[in-house]
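Peer 1: Sharing a structure below in structure tokens format, with a few things to ask.
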Amino acid sequence: CVARGVTYTREHMITAFELAGYFVSHAIWSVSDSPEPFTPMLASSGEGGRELQRFVTGDLQGAVEKARAALDANELAAWDGVLLFDGRISLGDGKYDAVIIELRSYAFPGAEATLAVPYTPLSSGRFKVHKPKLLRWHACDDFDQTSAIQAFFEGVDAHEEGRKVWAAALDESV
């Protein structure tokens, strides 16, 4: 696939997952010792390297919507884009705080993946990071899911501080 003068390959969704892993590791580090939700972030990678935008407003939902619009618009002409925000998900019989991650590889219009990394906040007595959950894998049949998840964890491990927090707080029971 060629777009914007760049030849894209199936590996671009894999690089989006690596980008997501790196920045979710940063987000986990941020929430590990704070009672406050982290600021929604839009990470992108392209010809100029990685970029990070934070969306600060007085309204968390409004910030997420602005960040999502920026993810959809791809104004930076990035190869990959990743939106990360603090949210909640239902698992089994409970609700959990989670870092929600929406991924795009812009060479493949319509291809979207969503992950959640549930966590138990420090206010519960002990901060815990739970197993990531793949919530959406839409129009991604051309991509190898196993390779994408492996790239995600390579990204997690690449963030020095986040990797330490993740390892110390890992609770795979959820």
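The values are calculated or read from the model by the stated rules, or taken from the named source; none is laboratory data. The model shown is predicted, which means the values in this text are computed figures rather than measured ones. For neighbour counting, all protein chains shown are included, and Cβ atoms are generated from backbone atoms with ideal geometry for every residue, glycine included. Quick note on the areas: whole protein, heavy atoms, side chains included, nothing else; ligands and nucleic acids left out. Shrake-Rupley method; radii C 1.70, N 1.55, O 1.52, S 1.80 Å.
Peer 1: Pairs, please: C-beta under 8 Å, at least 6 apart or cross-chain, first residue on the phi > 0 side of the Ramachandran plot and in region 99-125, second in a strand (DSSP E or B)?
Peer 2: Qualifying pairs under 8 Å: Gly110/His138.
Peer 1: Related question: Out of Phe127, Phe108, I need the residue that is closer than 21 Å to Ser44 by Cβ and of a type in the set (Phe, Trp, Tyr). Which one?
Peer 2: That would be Phe108, the only listed residue that is closer than 21 Å to Ser44 by Cβ and of a type in the set (Phe, Trp, Tyr).
Peer 1: How about region 120-135: which of its residues are over 21 Å from Glu36 (Cα atoms) and basic (Lys, Arg)?
Peer 2: Lys131, Lys133 - these are the residues of region 120-135 that are over 21 Å from Glu36 (Cα atoms) and basic (Lys, Arg).
Peer 1: Still on this structure, please answer the following. For region 29-37, check the following and say yes or no: at least one residue is in a helix (DSSP H, G or I), closer than 24 Å to Ile149 by Cα, of a type in the set (Ser, Thr, Tyr) and at pLDDT 90 or above.
Peer 2: Yes, region 29-37 contains a residue that is in a helix (DSSP H, G or I), closer than 24 Å to Ile149 by Cα, of a type in the set (Ser, Thr, Tyr) and at pLDDT 90 or above.
Peer 1: Return the residue satisfying two criteria in turn: it lies in region 153-174 and is of a type in the set (Gly, Ala, Ser) and out of contact with any Phe, Trp or Tyr (no Cβ under 9 Å at 6 or more places or on another chain), and of such residues it is modelled with the highest pLDDT.
Peer 2: Across region 153-174, the extreme among qualifying residues is Ala167.
Peer 1: Next question. Which one of the conditions (1) open to solvent by less than 10 Å² (accessible area, probe 1.4 Å); (2) more than 20 Å from Gly21 (Cβ to Cβ); (3) in a strand (DSSP E or B); (4) not basic (Lys, Arg) does Ala63 fail to meet, given that it meets all the rest?
Peer 2: So Ala63 meets the others, but not (3).
Peer 1: Is it true that Arg50 is at pLDDT 85 or above, of a type in the set (Lys, Arg) and within 28 Å of Thr146 (Cβ to Cβ)?
Peer 2: Numbers: at pLDDT 85 or above: yes; of a type in the set (Lys, Arg): yes; within 28 Å of Thr146 (Cβ to Cβ): yes.
Yes.
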